[in-house]
Amino acid sequence: MITRPLLRSLRNDLPMPFTFQQLGNEAPYAKTVEGRFRFVCPHCGDLQAVVNPRNNLAHCFGCGQNINNIDLLLALGYRFRDAVGHLQHFLRLYKSDQAQPKHSTGPAPPQRSSHGPRSIKDILRREFEKLARE
């Protein structure tokens with residue numbers, strides 16, 4: 001059953017960088033710049049979505065959209081119930097990961113596949129990466 005407390009927890013207690021890590025190649029291109037987690041907005045395609053660590057909410061300075069974990073998965077094509085199910089699984093992983101002693105700081109960045117692009121979205125993501133490096 002999907003409850004308000006569950007939705008609130010998925011939005012507030014599951015850090016967006018951890019969600020990106022779990023999504024792997026499915027996640028939009030992301031990087032940390034000056035301590036801020038930034039990613040390509042799934043709505044406008046600009047690398048201007050920035051996560052506010054105080055409220056775990058991203059804001060795209062390109063199109064003005066606010067994006068939380070659920071919004072992100074919906075924008076990636078998930079149906080609502082599937083998005084909630086995946087995020088609930090990610091939250092369990094995050095909480096169990098937090099319970100383990102750590103030697104490094106923060107979640108690892110999203111892993112990129114060494115294989116070629118799978119779709120136009122992956123091709124565009126790689127082009128954004130090239131532009132970001134220039």
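No value in this document is a laboratory result; all are computed from the given coordinates. In this text the structure is predicted, and so the values were computed from the model without any measurement. Please note: Cβ atoms are built from the backbone with ideal geometry, for glycine as well, and neighbour counts cover all protein chains shown.
Key figures
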{"item": "Breaking point among (1) closer than 19 Å to D13 by Cβ; (2) without any contact (Cβ under 8 Å) to a residue 60 or more places away in the chain, for F61", "result": "(1)"}
{"item": "Every residue from the stretch 71-87 that is among the acidic types (D, E) and either on the phi > 0 side of the Ramachandran plot or under 12 Å from the mean Cα position of the chain (by Cα) (or both)", "result": "D71"}
{"item": "Qualifying residue in the stretch 18-38 (condition: out of contact with any helix residue (DSSP H, G or I) (no Cβ under 9 Å at 6 or more places or on another chain), surrounded by fewer than 20 Cβ atoms within 10 Å (Cβ to Cβ) and part of a loop (DSSP other than H, G, I, E, B))", "result": "yes"}
{"item": "Residues satisfying the stated conditions in the stretch 45-75, i.e. over 16 Å from P17 (Cβ atoms) and not in a helix (DSSP H, G or I)", "result": "G45, D46, Q48, C60, F61, G62, C63, G64, Q65, N66"}
